[in-house]
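Worksheet: one structure, shown below.
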Amino acid sequence: MTPPDTVKESRPVQADAPVEQALPQGLEETLPRATADRIRPLLDNPVLRWLVRNPIWVFVLIVFVFFSLVSDHFFAARNFQNILVQTSTIGLIALGMTLVMVNGNIDLSVGATLALAAAFAVDVQSWAVFATWGNWQILPAVCLALLVGIGLGALNGFIVWKTGVDAFIVTLGAMLGIRGLVFVYTGEQSFYAMNFAYSDFSALSIGPLPALALIFLLCTLAVHLLLSRTVHGRNTYAVGGNREAAVNAGIRVGPHMMINFMIIGFFAALSGVLLSTQMGAATPNLGRDYELWVITAVVLGGTKLTGGKGDIIGTLGGVLAIGMLRNGMNLMNVPAFYVYVVLGSILIAVLFLDKRFNRTADGGLRL
Amino acid sequence: MTDMIERPAREPALRLEGIVKTFPGVRALDGVDFEVMPGEVHALLGENGAGKSTLMKVLAGMYQPDGGTIVIAGREVRMATPLEAKRQGIVLIHQELSLVPEMSAAENIYLGELPRKSFGRVDWKTLYARSDAILERLRCSFRGDATVAHLSIANQQMVEIARALTVDARVVVFDEPTASLTDAEKVVLFDIINDLKAQGVGIVYISHRMDEIFTLSDRITVLRDGQYRGTLDTAATNEDEVTRLMIGRSLDLSRDTTPARLGDTVLEVRDLTCAPHFEDVAFSVRAGEVVGFYGLVGAGRTAIAEALFGLRSCESGMIRVAGKEVTIDSPEQAIALGISLVPENRKEQGLVLQMSCRDNMTLPQVQDLTAGPFVSSGAEIAIFDQYRDRLAIKTPSWRQPVGVLSGGNQQKIVIGKWLSMQPRVLIVDEPTRGIDVGSKSEIHGLLRELAAQGYAVIVISSEMPEVLRVSDRIVAMYHGRITREFSADEVTEDALVQAISGIGVELVS
């Protein structure tokens, strides 16, 4: 990517900071010096260097190998398809959550938004106005559901922007309020999709990939490009890293954050629509605790709650790690409640290791 | 190292020998020797990044050295934690205050070691009696029951010092203690240091301010690039020698006397009012000149800069940029008009520390550096390379997070960020705060150079030598008003001091 005219300027620059490959500070301190010296050259290998910087993928590999060995059913194309479909729901929201969290905010209302969007998607297609539309009646229903998601996101973002109240509080309120609206709207009943084309969608495959998995992977790619390559993505890091500096650089922080809330609202709604196609129904309790699963996945992927740090590659790792753990333990007939215990422990353990090994040189105070 | 016979008659309170500390890829300390005698003030000097802070963190048990020995009162010791260091009588008074603001002064003083009664209850009576005694010794005007959050910064610093006195301190380290003190408070601090000294405590004094070091210290040790550069007797040396040791060359402190080639008036401000920060402010800046704003902290200088940059809305007045009357309601508009601001706290207001040097540099214009929907990395690197070379920014690569650079280089990144926007007016608020002497003079030179290239430059500074050195004109402010304007030829230090203290000057409106 370096333009040719800068090549001639590659004069030696006096170092202000490390030039040679260095292990993460925590590893340097934990390992015996001889071992550290022996490991350091390995970092010249780009794959290994990448793994050290993205520890969640090491974990994904471990989980993958572990279940492949201990379970007869894990290592199979059919099961991989399953994992992708199962993770797509949480995964899609996690994409939006990564943006919002890198921004230094959080969104707790995604589970409730998902439920409301799903209820709209299933209900609207049976409205009398669309009775003669045939399968096309699905289109306005899905569009309306997605708009509901975007609108709720915009509302969250607008309140955060204009009131300055912490996003945690605003979206906590939204979580309660929207869930209440779901019950009001559905009258505590489940809606069932009368048009079977709707529930057939989830069984659709394009080549070897189930449609749901494909949507998730395409969205992942899109959000990855958005965050890593576009101006909006750059500003997302800047606003989360140092809001004041972002303001001083002329970034309009309020509208910027609102856009990210709209994006996560969109993904929550999309996730709700896809989930309801899988079930052919929308229940008022749909998406309960999803905000916690999503945050777990995003945090496992290395995104910091304080903002300014994180990426989609890490989030994908976090989503897959959770998906494979749930799937693998399920295949091994581990009772569901133990899955929670294991996942909770792993969350804390992984973050502990990350803190231990990926410290920066000056942040190394022992508490 | 030395034979018994060669040892000085008195045992040093503390001796560090050949201390080595390596961070990945950086040798932060490379065989540093340092000692403090009881009853001595030993100044530790060096540019930012020379290793002073690392050395002190080793001393305070926060870092473990990779090599070398620490000898306290003749015994070699290892200190694994800050608490152990404190037990050895070594106390560090931090540059950044580390107090719990919601707690009382007394609780802060004895934090972690509150006196107890049965069942672990706090013995408040003893606590307050003891802390009041210490505060009295420090001649503080407040008592132990005062809430720290309500104290002034200077008094908070006193609490920090009081904390040091709870143990039988052998060595007290002061790290830039005067950074936030007024002159009167400094006098008190120096008295305290002299008291401690008389009691036989060894003092390590870290500061960038030469005048303080020469008034206070007995000896001066200089570090450069993590290496020991020598120890000098304060009485037998001078600023020049110390500076040379510090930066490896002498410093040219003279003013660049090339007369400015003035262009048109770029910025004109009339009757600008933003109560309570400033009132009826009027001045103008022409292309090719540096206008210095000098005054006490709170005189309204920064508020003017913020108003010009759209961060503050004004009640009345007029701003003209390049002859056209404008209103500025947001930084976005200010930037579009060619006004840029290098803020006074670069870490809090200027930089996104975990972002790379390149990304910080291109932040305000990244929307113009796109190829299709994506940011063009090549265009960004081209800009970064251009300003890295122009401003002589030292960083191994554009990927380096800005947070690991030295203060001087960070400041240059902020300046480069705005220069690459081709501004008309460059406002620089406290251009060299927290920056070491070497980089300081480099930045001064840079500001002069920018003016010579036709930028209109406003420099806000609380340091008189700085204002005198870089400005073609100096605007003096007192209490939100401009009291006087000097040209570089007519200004004298006395007149300037009077103008910013509101003495005997008619208010110019």
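The values are calculated or read from the model by the stated rules, or taken from the named source; none is laboratory data. All values reported here derive from a predicted model rather than from experimental measurement. When we count neighbours, we look across all protein chains shown, and the Cβ atoms used for this are built from the backbone with ideal geometry, even at glycine. SASA here: full protein model, heavy atoms, side chains in, ligands and nucleic acids out. Shrake-Rupley method; radii C 1.70, N 1.55, O 1.52, S 1.80 Å.
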Query raised in the report: Given H placed on each backbone N at 1.01 Å, which residues far from B:F23 in sequence or on other chains put an amide H within less than 5 Å of it?
Result: B:A28
Query raised in the report: Using a probe of 1.4 angstrom, how much of the accessible area of chain B is carbon and sulfur, in percent?
Result: 48
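Which length gain, in nm to one decimal place, applies between B:D329 and B:R137 when the Cα-Cα distance is subtracted from 0.36 nm times their residue separation? Intermediate values should be presented prior to the final figure.
Values: separation 192, 0.36 × 192 = 69.12 nm, distance 5.14 nm.
Length gained between B:D329 and B:R137: 64.0 nm.
Counting only protein heavy atoms and using a 1.4 Å probe, what share of the accessible area of chain A belongs to carbon plus sulfur, as a whole percent? Walk me through the numbers before you get to the answer.
On the way: 11840 of 17520 Å².
It is 68 percent, rounded to a whole number.
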Query raised in the report: Kirkwood Rh over Cα pairs of the stretch B:351-422 into Stokes-Einstein at 10 °C, 1.306 mPa s: D in µm²/s?
Result: 133
Query raised in the report: Shape of the stretch A:34-126 from its Cα gyration tensor (a ≥ b ≥ c, root eigenvalues): rounded if a/c is under 1.5, otherwise prolate when a/b > b/c, or oblate?
Result: oblate
**Report entry** Semi-axis lengths (Å, descending) of the ellipsoid that matches the C-alpha gyration tensor of the stretch A:184-242
**Finding:** 35, 22, 7
Requested in this report: Please give the total accessible area that chains A and B bury against each other, computed with a 1.4 Å probe and expressed in Å² to the nearest 100.
Outcome: 3700
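What is the calculated FRET efficiency for B:R320 to A:A203, with r their C-beta to C-beta distance and R₀ = 60 Å, to the nearest 0.05?
Working: r = 69 Å, r/R0 = 1.14.
About 0.30, to the nearest 0.05.
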Query raised in the report: Can you give the mean number of other chain Cβ atoms that lie within 10 Å of the Cβ atoms in peptide A:231-244?
Result: 6
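Could you give the Stokes-Einstein D for the stretch A:211-327 in µm² per second, using the C-alpha Kirkwood radius, 20 °C, 1.002 mPa s?
Diffusion coefficient, whole number: 137 µm²/s.
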Query raised in the report: Residue-wise, which Karplus ³J(HN,Hα) couplings in Hz belong to the stretch B:57-62, taking 6.51 cos²θ - 1.76 cosθ + 1.60, θ = phi - 60°, and x for glycine or proline?
Result: 6, 5, 5, 8, x, 7
Query raised in the report: How far apart, in nm, are the 7 Å Cα→Cβ label points at A:T306 and B:T69?
Result: 3.9
Requested in this report: Please work out, to two decimal places, the log10 of the ratio I(q)/I(0) at q = 0.15, 0.17, 0.22 Å⁻¹ from a Debye calculation in which every Cα of the stretch B:442-497 carries one identical scatterer.
Outcome: -0.44, -0.56, -0.89
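What FRET efficiency comes out for the pair B:R27/A:L61, r = Cβ-Cβ distance, R0 = 41 Å, nearest 0.05?
Values: r = 35 Å, r/R0 = 0.85.
After rounding, the FRET efficiency stands at 0.70.
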Query - Whether chain B is rounded, prolate or oblate, judged on the alpha carbon gyration tensor where a/c under 1.5 counts as rounded - result: prolate
Report task. Amide H neighbours of B:A73 under 5 Å, at least 5 residues apart or on other chains, H built in the peptide plane: list them. Result -> B:L14, B:R15
Report summary line: Result row for chain A, helices from DSSP H with C-alpha axial extent 20 Å or more and mean Kyte hydropathy at least -1.0, is A:55-70, A:77-102, A:110-124, A:138-163, A:167-186, A:211-229, A:253-279, A:312-331, A:336-357
Query raised in the report: Quick one: Cα convex hull volume of the stretch A:128-268, Å³ per residue?
Result: 153
Query raised in the report: How big is the Rg/Rh ratio for the protein assembly as shown, C-alpha atoms only, Rh by Kirkwood, two decimals?
Result: 1.01
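Compute and list, largest first, the equivalent-ellipsoid semi-axes of the stretch B:14-247 from the alpha carbon gyration tensor, each √(5λ) rounded to a whole angstrom.
Numbers: eigenvalues 191, 88, 47 Å².
Working through the eigenvalues yields semi-axes of 31, 21, 15 Å.
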**Report entry** Modelled label reach - B:Q367, point 7 Å along Cα→Cβ, the stretch B:332-350 residues with backbone N closer than 16 Å
**Finding:** B:332-339
Query raised in the report: So if we plug the beta-carbon distance of B:A235 and B:V167 into 1/(1 + (r/R0)^6) with R0 = 22 Å, what FRET efficiency do we get, rounded to 0.05?
Result: 0.10
Report summary line: Taking only the alpha carbons of the stretch B:31-92, the radius of gyration and the largest Cα-Cα distance, Dmax, both in angstrom, are 11.6, 31
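When the expected Rg is taken as 2.2 N^0.38 Å, what fraction or multiple of it is the alpha-carbon Rg of the stretch A:50-356?
Details: Rg = 19.3 Å, N = 307, 2.2 N^0.38 = 19.4 Å.
Normalised Cα radius of gyration, the stretch A:50-356: 1.00.
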Requested in this report: Please figure out what share of the DSSP beta bridges in the protein assembly as shown is antiparallel and state it in percent, rounded to the nearest 5.
Outcome: 60
Requested in this report: Search the structure for amide H atoms under 5 Å from the amide H of B:Y478, placed 1.01 Å from N in the peptide plane, and list their residues when 5 or more places away or on another chain.
Outcome: B:T483
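Rounded to the nearest whole Å², what accessible area per residue is found for the protein assembly as shown with the 1.4 Å probe? Display every interim value, and only then the final one.
Details: 39230 Å² over 876 residues.
Result: 45 Å² of accessible area for each residue.
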Query raised in the report: What Kirkwood hydrodynamic radius, in Å, does the stretch A:62-173 give when the mean of 1/r is taken over all pairs of distinct Cα atoms and then inverted?
Result: 17.0
**Report entry** 10 Å-binned pair-distance histogram of the stretch B:371-467 (Cα, whole percent)
**Finding:** 14, 46, 30, 8, 1
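Could you pull out the pairs from B:K86/B:K186; B:K86/B:K347; B:K186/B:K440; A:K162/A:K309 whose alpha carbons sit more than 29 Å apart here? Write down the numbers at each step before the final one.
Details: B:K86/B:K186 25 Å; B:K86/B:K347 31 Å; B:K186/B:K440 23 Å; A:K162/A:K309 25 Å.
Table pairs above 29 Å Cα-Cα are B:K86/B:K347.
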Query raised in the report: Mind listing the phi-derived Karplus ³J(HN,Hα) values for the stretch B:467-477, rounded to whole Hz, using 6.51, -1.76 and 1.60 with θ = phi - 60°, and x for any glycine or proline?
Result: 4, 5, 6, 9, 8, 8, 9, 10, 9, 9, 10
Report summary line: Each label sits 7 Å from Cα toward the beta-carbon; between A:R252 and A:Q278 the label points are separated, in nm, by 3.8
Query raised in the report: Convex hull over the alpha-carbon atoms of the stretch A:155-196: what's its volume per residue in Å³?
Result: 94
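To the nearest 500 deg cm²/dmol, what mean residue ellipticity at 222 nm is calculated for chain A from DSSP H runs of n ≥ 4 alone, each contributing -39,500 (n - 2.57), summed and divided by the residues?
Numbers: 16 runs with 245 residues, N = 367.
It comes out at -22000 deg cm²/dmol, rounded to the nearest 500.
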Query raised in the report: Where in the stretch B:349-367 does accessible area fall by at least 30 Å² between the isolated chain and the complete protein assembly, at a 1.4 Å probe radius?
Result: B:Q349, B:V352, B:Q354, B:M355, B:L363, B:V366
